[in-house]
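The numbers here are math on the coordinates, done by the rules we state, and not lab data. Only a predicted model underlies this, so the values are computations on that prediction, with no experimental measurement involved. Backbone-built Cβ (ideal geometry, glycine too); neighbour counts: all protein chains shown.
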Amino acid sequence: MQAEELERKARAAAVGWSRWRLGPASFRDLITRVDVETLRYGRLITRYAIRSGTWVEEPFTGGANTFGHAREFESLDLWIGTPEELAARTSHLTSCGRCSGSGQVTCPSCNGTLRAACSGCGGSGRRMSRARKSYRMVNCSACRGNGQKKCVRCSNGRVGCSACRGSGRMRRWLKVTTAQHTQVSVWPDDPRLRAHPGLTQGSPVALQWRGARTLETREHDGPIPTARLGPEAEASGFLSVRPSLEPNLDPLRARVLSQNLEVFEAPSATVHYTFAGSQGFIKLLGSDFRPTPARDTRPFIYRFAWLLGVFFTSFFGAVFLVNAFAGRHDFYRRHPSAGLVALASLGLVPGLWLMAASWLRRRRADGSKSARRWHDRLGLGITGLCALTVLGCFVFVSPSTQALSRLTASGALDMAELHASALQSEGDTSPEFVEARNAFVLARIAGMENRDAVKLITHYASTKVGTEPLEVERRRLREVWIVSALSGDQDAEIEQELMALADEGAPTALVDGLRARLENQRLEQGKALLAKGQVEDALSTLLRIRAPALAAEPPGPLLSHAYLRRAQNCPPEGLRCRAHALKLAVEADPGEAARTALATFRSAEIARIGRMTRPAGGLGPTLRALQSAEVDAGVLLSVLDGDAQLTEVHDGLLQRREALLRDRRPLGEPVEVAQALLGHSGLEEKRPGVLSIREVPPGTLVHLFVSQGVTRGVHVTAVNHGREALATDALQQVARRLTGQTFAAKDLARTGTGVAHVPARLGAHSALLGWQDGTLVEALIGKVEP
């Protein structure tokens, strides 16, 4: 009777455990067998201490202490005495390991060579010095360029050892430390015992399951003798597993302080079940049969994976069905049945889920199925009802010509528009649909704005099947809108409407008449703007005239007059503005006024350019005037392209400039000569009086010095001045370009050390060549300010 009661409680506990894991319904019917037993187990708590030792050294300073003897650490028993006694027994003298007992070591500063690195230059023998307002490397004055000095820290390359303080001996002894530990071992090795966290802790009193009891308890200082063990310990198998429960200790390093043995027993049950085509079990412990980690839950895992897959598959399938129904056309999306399709599609999710759950619950490991219950038919019913609803909506919901005619006649134009749009998107061209569509469109545009009505007609007239009434109405609407828009500022929109009328095949007389009214309006607006003095607005309006032949009068003379007014309004320095305006005036209307104005302007500018080339002054002002005249002539030629007289004037300017610069060099001439020879873009001002030449050999810097408007000198050096040599080929190229001369070969060769500036000649110019240890670093030609 007690066994039946325990089995009933075990079944109830298993059902509760399944409920918390979201197990299948009627889990009690899925239990195949319950095994009830009594579990006997125990634990051994061992407290032990471990000693460890390390050798400690200190400098020996002498004294009358008594020393022990050096001993082998591996064979030394650390429990033969207290740590203080062990330190006294193992204390002994030993030679210093750093100096090998000599008390002295090699000097770290000079490494025994008696020569240390110079502190003034860091051992390089060179230091930075400022000479002639520039920084250069010179020999160190402290070590005279050697980089080393006599070491002052050592004597004959040796210094006292810091480890033993010069004594050569160390006092050494063993330092012993003690650490205590606790080990809790449980037997037997049963997964059910993992559900009892307090069992493996070091507490002397372990929390027990309900219904468990203690059979035996033994506590002893040191290891428990076998003679003191009781019959319960022997019956539980403690003697056979004791070696595996005790810690593995080194006899020379560790000692067992105490042991505590406890033996328990508790009721246990194993519940076996089967579903989802697999078998499983759960082991329960205690009189209340609590679940333990000893279990096989593969059926739950299979069931969860199946149901999760069914849920997501059915959910995305429902979304697909809704989109497939409503995504065909706006008619289906706004139809009342769209909500029914969405509801029925979502209803498939719980229906299929319940069907899968029922199938998994009934499926046994041997392939058979358990009896069907009432809730097993619920999923099938929900799924069938929802599937029939969705299928019916897909089959029976569609637009029709009869519904379009009926809705148009009743005034339900919003719903009628859905039917008409859906039928047209499906390509229906039947006479019944064409008649119903035309009637709907004409009824729909009755209360609409002009632009919206045109868009609606354009949408339905795109089929070109029976759309003649619609096209006539669209043409009328466009004409009405153009006539009303002519009174406002809507030129761009009117142009679009006229182009649309032409593309739609409207009569040419209608399109030309409307465009003539538009061009006349633009002409009148241009006249009014010119009368007000708004030249640019007038030009913008007149240039929008696309069909001058349809206007009441030719717009050319008026446009030419507007360009002449623009030329008068150009600023005094706006040479390009005036030339371009006059040229456009002649192109707009080649009348007497425009041609006379252009010829007068051209003659005046040619005369002005001729006067600019004959300034009062020397070479510099002449070159500046020629540069300005060349710019103006180039501007006029860019506008009046192909003018023979202007081309002749421009060529004459270039020839005169070339004659002035013949046999001249950038150095020793006015700065305008250097700018003309090197180009304005080839010079860059670094500071007042100093110009940098951009086009130079790679790795070279060239600066041109100017004083009182004349180039006086040139400074040539490498990019990394003081760290890189100046290439002689690069120097010769710069000298030839700036002076027309080159240095003699003897000037570019020098041997010796130190820093020096050697005089040299470069034609009529004096020069200084800068040398450092036989390496050319810079060249100063002419007068160069530092």
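Among the GluC sites (Glu not before Pro) in region 1-110, which ones are in a DSSP loop with at most 14 other Cβ atoms within 10 Å of the Cβ? Mind listing them?
Qualifying residues, ordered by number: E72, E74.
Rounded, prolate or oblate: which one fits region 240-336, using the alpha carbon gyration tensor with axes a ≥ b ≥ c (rounded when a/c is under 1.5, else prolate when a/b beats b/c, else oblate)?
Prolate, since a/c reaches 1.5 and a/b exceeds b/c.
Can you tell me the relative contact order of region 177-269? Whole percent, Cα pairs under 8 Å, sequence separation 6 or more.
Working: 85 pairs, mean separation 35.9, N = 93.
Computed over region 177-269, the figure is 39 percent.
What is the local net charge at T214, summed over the other residues whose Cβ is closer than 10 Å to its Cβ (Lys, Arg +1; Asp, Glu -1)? List each step's numbers first, then the result.
Values: positive: R213; negative: E216, E232, E262, E265.
Net of charged neighbours comes to -3.
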Next item on the list: Could you please report the charge total around V714, scoring K, R as +1 and D, E as -1 over all other residues with beta-carbon less than 13 angstrom from its beta-carbon?
Entry: +2
Check: Under the classification rounded if a/c is under 1.5, otherwise prolate if a/b is larger than b/c and oblate if not, where does region 707-747 fall, given a ≥ b ≥ c as square roots of the Cα gyration tensor eigenvalues?
Finding: oblate
Item checked: Values of log10 I(q)/I(0), in the order q = 0.17 Å⁻¹, for region 599-743 under a Debye, Cα-only, solvent-free model -> -0.95
Next item on the list: State whether region 386-479 is rounded, prolate or oblate according to the following rule on the C-alpha gyration tensor (a ≥ b ≥ c being the square roots of its eigenvalues): a/c under 1.5 gives rounded; otherwise a/b larger than b/c gives prolate, and the remaining case gives oblate.
Entry: prolate
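So if the hydrodynamic radius of region 477-590 is defined as the Kirkwood radius over C-alpha pairs, what does Stokes-Einstein give as its diffusion coefficient at 20 °C and 1.002 mPa s, in µm² per second?
Details: Rh = 15.3 Å.
Reported coefficient: 140 µm²/s.
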Checklist line | the chain: DSSP helices with Cα axial extent of at least 24 Å and average Kyte-Doolittle hydropathy no lower than -1.0 | finding: 2-20, 298-326, 337-362, 376-396, 468-485, 508-531, 592-612, 619-639, 644-661
Check: Where in region 605-676 are there GluC sites (Glu not before Pro) that are in a DSSP coil and have at most 12 other Cβ atoms within 10 angstrom of their Cβ?
Finding: none
Margin query: Show me, bin by bin at 5 Å from 0, the whole-percent P(r) of region 421-475 based on Cα pairs.
Written below: 4, 20, 36, 24, 12, 3
Checklist line | For q = 0.22, 0.26, 0.31 Å⁻¹, Debye-computed log10 I/I(0) when each Cα of region 138-188 counts as one equal scatterer | finding: -0.96, -1.05, -1.16
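Could you tally the net charge around H650, taking each other residue with its Cβ under 15 Å from the Cβ of H650, Lys/Arg +1 and Asp/Glu -1? Walk me through the numbers before you get to the answer.
Details: positive: R602, R608, R656, R657; negative: E605, E630, D632, D641, D643, E648, D651, E658.
Result for the local shell: -4.
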Checklist line | Translational diffusion coefficient (Stokes-Einstein; Kirkwood radius from C-alpha pairs) of region 356-416 at 25 °C, 0.890 mPa s, in µm²/s | finding: 156
Notebook entry, point to check: By what distance, in whole Å, do the Cα atoms of the chain stretch along each of the three principal axes, largest value first?
Noted result: 141, 120, 40
Next item on the list: Show which lysines lie in cross-link reach of K455 when reach means a straight Cα distance below 28 angstrom and same-chain residues fewer than eight apart are skipped.
Entry: K464
Next item on the list: Give the cross-link partners of K686 among the lysines, using a straight C-alpha distance below 28 Å as the criterion and excluding same-chain residues fewer than 8 apart.
Entry: K133, K783
Item checked: Of every Cα-Cα pair in region 487-533, the percent that sits beyond 18 Å -> 36
